[in-house]
Amino acid sequence: MNYSKEYIDLIKNWIRPLQKSLTLESENKFSNLLGRKQFFNDYLYESLGNIENLKLTEEFIELFSQFKIRYYEYDNLDTNQRKRLVIDTRKSLFKLGKSIDVYISDKKNSSYYSKIIDSNLSLKSDIGLIKNIGKVNKNKLNELGIFNIKDLINYFPRTYLDYTNRVKINNLKPDNLYTCIATIKKFFIYKSQKNSNLSIMNIVIFDETASIKVTKFFLGKRFRSYSFFSSQKSLFAPGTKLAVSGKVKVSEYGKNFVDPQIEILNNNDESLNFSGKIMPLYSLSESFSNMSFIKLIKKVIIYSKYYPDLLTKKQLNSLSLLSKSESLINIHLPPNQEALTKSKKRLLFDELFLLQMKFLLRKRKNNKKFTTNKLIQKKFLLQDFLNKVPFQLTKSQEKVIDEIKYDLLDSSPMSRLLQGDVGSGKTIVAIISLLLVLEKNQQGALMVPTEVLATQHYKNLIAYLNPLFVSVELLTGNTPSKKRKEILTNLKNGMVDILVGTHALFEDKVIFNSLGMVVIDEQHRFGVTQRNRLLKKGDNTNLLSMTATPIPRTLALSLYGDLDISQITELPPGRVPITTKIISEDELEDLFKNVVDEIQKGKQAYVILPLIEDSEKMNLSSAKKIFKYLSEKIFKKNRVGLLHGKLNSEEKKNVINSFIRNEISILVSTTVIEVGIDVPNASIMFIYNSERFGLSQLHQLRGRVGRGSHKSFCYLVTSENNGSENKRLGVLEKSNDGFYIAEKDLELRGPGQLLGYKQSGLPDFVLDNLPNNKILIEMAREEAMKVINDDPDLRNNILLRNLLIDNSENKFIHDFLN
């Protein structure tokens, strides 16, 4: 339908007072509010009855006629019925208004991109077939991973410049983006004396309020020619009207625009290209300009109309989402911020929805595949173990253990994620889980990311389980070949009950007799493929993944949708909170005197550094330099140790054992001690360049002290007085709660940095939007559950089936989950 401006105004003016009255009725708890002339229901009844001149579609005429009858009966409806009617009316009016907005948006967008469709091209067409692209540009795009039109449309902007803020010159404020419509007063262009390849153009522009200088730089020999200078002089002649968009800067000569977007206006403001609008910025090589890429997008964006949509019209309406084609057009060429926000929401929903679908399908497949007879209990180890443990389990630990026991009663295997803060007692829960499968004559595996942590777990298991005659072995990349052969033979014969190890457990030669449980510590350091390789070494293998990096529940749902989630939310009794302080390097000398006093009392200290050796590129302290300084200048009478990733396994083991035995008083280390070292005697920690670490990592490091019953301290050493950084680090001063700190870290740095998922295949587009989209995550999960319940084999959802089961065209899902 072709709407005139008068018709659009008519519809909007009809909707606006109705929405206002519906809002007032909601705020007054659906009491049938009395207005100036009539009651609420009478006003709605009359308004919905006078729609002949609105020329609405049959759908809206029928809908509003039904509402009209209901408002006539309003006095007889109860509160819930009234509420439902008001909500439905508001939704319908919103939908009508949206259809008008979409029309206006499409009309505005029509000048943005080509509407001409070449019947010889499709989404799968090679980009070389696009008119005037050229071989050189084709090769440049191929280097970016763009081979066909579909790839080009899926190459999203990394960010945007918003030039919609159009103001007069006298209202310009420094360091903000603006668009000014003004007239040229003066023009001059000259060659730079300092750089032979640089030309500089200065323009003075004015409007009715003031004038401002605009500077534009041109780099390259072709911009120094007489012909170029002449062309610019004729283009930017005094009296020419311009749109200038960019950041306003301040120099000693006043405010000015430096290297902004400039567009010449032909006496028509609407001829603006990106001045006054939102300009997309793409990640491109230096040889391919952003404007050239945008021109290319404009040529092909029309083909997004043929992009298959995962969601039906019914789903789009119920979820209030844009169509796929509309969101793709707006993500590249947004007419306004609202359209951009809605497009991001739709594209993010797709990624989350596909992720949840994959998780639920995998879970369903596992439950379907692994159904077996319940194993009979043949041993009774757990009660003996609990009787020998010299402490009481916390209520939180008991709750998690009950959840695990319940899982193990089921015929399908357990898949559970256990979150617990540093020192919350996850290891005890892991041991109990392993004992539960050992009681049924099965074996267990405990996999960890580092040899240091593997050794620590092995020693703990030996100490706890040797009295129960449970056989425990350790397998790492450095296990001697003779010992390795012995372990593998005994493992295959069923003589090893629990095997602790690193990535060595993935090897094909590692064959279990009857693997019943896999426990993975620091699970975010392992990929899904690695996890599954170990699980496949048994039949019906149960999985317990553990992490000391607490993850907010909604984020955990989006990243681990196939796992049930348990949390240990309390620390064992007797733990004294760690006192954390932010200090400057100038304060260290006095604090080192306190360390000497603590050492004389038999205590120990950690000193943590971000680098092993000094770096020319980074002005940071290094472990080797600080080790030399502390051992030779500060702690001459005490033994100082050095630990870092470049030491071989034997050297690391010797340093750690010396520290555990208190032969080393001060351990200078990189972040290799983040997990795996448990020295209750250590009471002080210094972390140099603490501003370089995330809050969650600092919390993990801090967890190496405070493991005993005595008072412990953590000093966050900052290299410079940075107010914003100190405010961020202040979170650690205020709290020892890992879940609170993780939430703050998520807000400040995003999940990619927090959890290390930049390496996992999750696109930045999804990661960067997760923290602020908790509702969208839940929406995606609920919609995925509906689809699975209605169509478990996706026989009626062919597109979804193709994406998720048959060939996984979706690169993100494929990389992350397969």
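The values are calculated or read from the model by the stated rules, or taken from the named source; none is laboratory data. Computed from a predicted structure; not experimentally measured. A quick note on method: Cβ atoms are made from the backbone with ideal geometry, for glycine too, and the neighbour counts reach across all protein chains shown. For accessibility, only protein heavy atoms count, side chains too; no ligands or nucleic acids. Shrake-Rupley method; radii C 1.70, N 1.55, O 1.52, S 1.80 Å.
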Q.
For a Förster distance of 56 Å, can you work out the FRET efficiency between the beta-carbons of Ser719 and Lys29, rounded to the nearest 0.05?
A. 0.45
Q | Under-5 Å amide H pairs with Leu161, H placed in peptide plane, nonlocal only | A | Met279, Leu281
Q) For region 582-665, what class follows from the C-alpha gyration tensor (a ≥ b ≥ c being the square roots of its eigenvalues): rounded when a/c is under 1.5, otherwise prolate if a/b is larger than b/c, else oblate? A) oblate
Q.
If I model a spin label at Arg801 and Phe380 as a point 7 Å from the Cα along the Cα→Cβ vector, what separation in nanometres do I get?
A. 5.3 nm
Q | Length released on extending from Ile69 to Glu143, taking residue separation times 0.36 nm less the Cα-Cα span | A | 20.4 nm
Q: Would you please put 579-587, 317-325 in order of how densely packed they are, using the mean number of other Cβ atoms within 10 angstrom per residue and starting with the highest?
A: 317-325, 579-587
Q) How far, in nm, would the chain grow between Glu52 and Asn171 when pulled straight, counting 0.36 nm per residue and subtracting the alpha carbon separation? A) 38.2 nm
Q) Reachable lysines from Lys363, Cα under 26 Å, same-chain residues fewer than 8 places away excluded? A) Lys374, Lys399, Lys405, Lys426, Lys440, Lys536, Lys537, Lys758, Lys774, Lys786, Lys811
Q: Report the paramagnetic label zone for Phe217: residues of region 180-199 whose backbone N is under 20 Å from a point 7 Å from Cα along the Cα-to-Cβ axis.
A: 188-199
Q: Give me the lysines in straight-line cross-link reach of Lys249: C-alpha distance below 18 Å, same-chain residues under 8 apart excluded.
A: Lys168, Lys173, Lys213, Lys216
**Q.** region 294-333 - accessible surface per residue (Å², probe 1.4 Å)
**A.** 40 Å²
Q) Relative to the compact globular guide of 2.2 N^0.38 Å, what is the alpha carbon radius of gyration of region 393-518, as a ratio? A) 1.05
Q. What whole-number value in Å² describes the accessible area per residue of region 431-536 for a 1.4 Å probe?
A. 40 Å²
Q) What part of the accessible area of region 120-162, given as a whole %, is carbon or sulfur when the probe is 1.4 angstrom? A) 48 percent
Q: Could you sort 728-739, 416-427 so that the peptide with the highest average Cβ count within 10 Å comes first and the rest follow in order?
A: 416-427, 728-739
**Q.** Whichever aspartates and glutamates have a C-alpha closer than 19 Å to that of Lys241, once near sequence neighbours (fewer than 8 apart) are set aside
**A.** Asp207, Glu208, Asp259, Glu263, Asp269, Glu270
Q. For region 145-205, what value does the Rg/Rh ratio take when both radii are computed over Cα atoms and Rh is the Kirkwood radius, given to two decimals?
A. 1.17
(Q) I want to make sure I understand the PRE zone here: with the label point 7 angstrom from the Cα of Leu281 toward its beta carbon, which residues in region 210-225 have backbone N atoms less than 19 Å away? (A) 215-219
Q: Let me know the whole percent of all Cα-Cα pairs from region 602-715 that are separated by more than 21 Å.
A: 32 percent
Q: Beta carbons within 10 angstrom, averaged per residue: use that to sort the peptides 445-453, 335-343, highest first.
A: 445-453, 335-343
(Q) If I stretch the segment between Gln337 and Lys653 completely, what's the gain in nm (0.36 nm per residue apart, minus their alpha carbon distance), one decimal? (A) 108.1 nm
Q. For Ser514 and Asn681, what does the FRET efficiency come to when R0 = 45 Å and r is the distance between their Cβ atoms, rounded to the nearest 0.05?
A. 0.65
Q: Arrange the residues Tyr458, Tyr226 by how much accessible surface each exposes, largest first, with a 1.4 angstrom probe.
A: Tyr226, Tyr458
Q | Rounded, prolate or oblate (a/c below 1.5 giving rounded, otherwise prolate when a/b exceeds b/c) for region 187-340 by Cα gyration tensor | A | prolate
Q. Between Lys241 and Tyr190, what FRET efficiency follows from the Cβ-Cβ distance if R0 is 30 Å, with the result rounded to 0.05?
A. 0.80
